[in-house]
Amino acid sequence: MKTSEITELIKGRRSIRRWLEKPVDEDMLLQAIELATWAPNGGNQQNWLFYVILNKKVINSIADAVQARADYFASLPKAGQLGENFTRMLKRSDFFRNAPSAIAVAASPYKSRMDKILAAREKVDPKVRQMNRWRSVADTRIQSVSSAIAYLLLVLHQMGLGAVWMTGPMQAKGDIEKILKVPGEMDVVAFIPVGYPAENPAPGERRPVKDVTRVIK
């Protein structure tokens, strides 16, 4: 693949929030996930689990749970201080119920041998406590899952599908895990509605590369 083709793929992807009433083939989603699992991940532990949701009743149940949590937040005394736009967004937290399919991504905790040694030592060693704080900023589990999701979104886009990477539903994490029967050692960390796009959003602006780069020579 030429760099120009990769550029077109990456810059052409959009976050899609409206979908056609057209089912998505299960094999397409499985193929996309298979490619996503080739993403770099900590220690090659591949400690992720992808839930492919094709059942509309399940998607609606998750949407109900997410909206219920959003409504509760909206009822809090200081929630109104966030402004009308945020309030409108809260009222539409369940917009994904119209998606024909979704992928929930779960992951088990990541513990390297170094993590285990540091965890046993940090109570008595200030330097180790500091090291652990620094290491926690770059959470390996979340970085691994994020790299897989980035791959997944690009593959879905190449297939002609539209998706949106959501972490907002994590406000109903426990409810979602109960609905999907997620094992206790796993945590749902992202939710991705998928379908054939019913919209073509304009590209978002990106800051110039010179503003987000420091070249050290």
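The values are calculated or read from the model by the stated rules, or taken from the named source; none is laboratory data. What you see is a predicted model; the values in this text were computed from it and never measured. Virtual Cβ from ideal backbone geometry, glycine too; neighbours counted across all protein chains shown.
Tabulated results
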{"quantity": "Failed criterion for Asn132 (all others in (1) surrounded by 14 or more Cβ atoms within 10 Å (Cβ to Cβ); (2) within 18 Å of Trp19 (Cβ to Cβ); (3) over 15 Å from the mean Cα position of the chain (by Cα) hold)", "calculated": "(2)"}
{"quantity": "Among the candidates Arg113, Arg141, residue that is exposed (fewer than 13 other Cβ atoms within 10 Å of the Cβ) and not hydroxyl-bearing (Ser, Thr, Tyr)", "calculated": "Arg113"}
{"quantity": "Meets criteria (touching a Phe, Trp or Tyr at 6+ places or on another chain (Cβ under 9 Å) and either at pLDDT below 95 or surrounded by fewer than 16 Cβ atoms within 10 Å (Cβ to Cβ) (or both)) for Thr167", "calculated": "yes"}
{"quantity": "Qualifying residue in region 171-190 (condition: polar (S, T, N, Q), closer than 20 Å to Ala36 by Cβ and surrounded by fewer than 20 Cβ atoms within 10 Å (Cβ to Cβ))", "calculated": "no"}
{"quantity": "Cβ-Cβ under 6 Å pairs, at least 6 apart or on other chains, region 14-29 side charged (D, E, K, R), far side not in a strand (DSSP E or B)", "calculated": "Arg14/Pro201; Arg17/Phe95; Arg17/Val164; Arg18/Ala198; Arg18/Glu199; Lys22/Tyr196"}
{"quantity": "Filtered residues of region 178-215 (kept if among the charged types (D, E, K, R) and in contact (Cβ under 8 Å) with a residue 24 or more places away in the chain)", "calculated": "Glu185, Asp187, Glu199"}
{"quantity": "The listed residue being small (Gly, Ala, Ser) and closer than 16 Å to Glu177 by Cα, out of Ala106, Ala79", "calculated": "Ala106"}
{"quantity": "Whichever residue in region 58-87 is among the small types (Gly, Ala, Ser) and under 19 Å from Asn98 (Cα atoms) and, among such residues, is modelled with the lowest pLDDT", "calculated": "Ala70"}
{"quantity": "Positions within region 65-105 being touching a residue at least 12 places away in the same chain (Cβ under 8 Å), under 23 Å from Trp19 (Cβ atoms) and of a type in the set (A, V, I, L, M), in sequence order", "calculated": "Ala65, Val66, Ala68, Ala70, Leu90, Ala99, Ala102, Ile103, Ala104, Val105"}
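To keep it simple, each residue is scored yes or no on (1) buried (at least 16 other Cβ atoms within 10 Å of the Cβ); (2) within 29 Å of Gln143 (Cβ to Cβ).
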| residue | (1), (2) |
| --- | --- |
| Glu34 | no, yes |
| Trp38 | no, yes |
| Asn41 | yes, yes |
| Ile53 | yes, yes |
| Ile59 | yes, yes |
| Tyr72 | no, no |
| Lys78 | no, no |
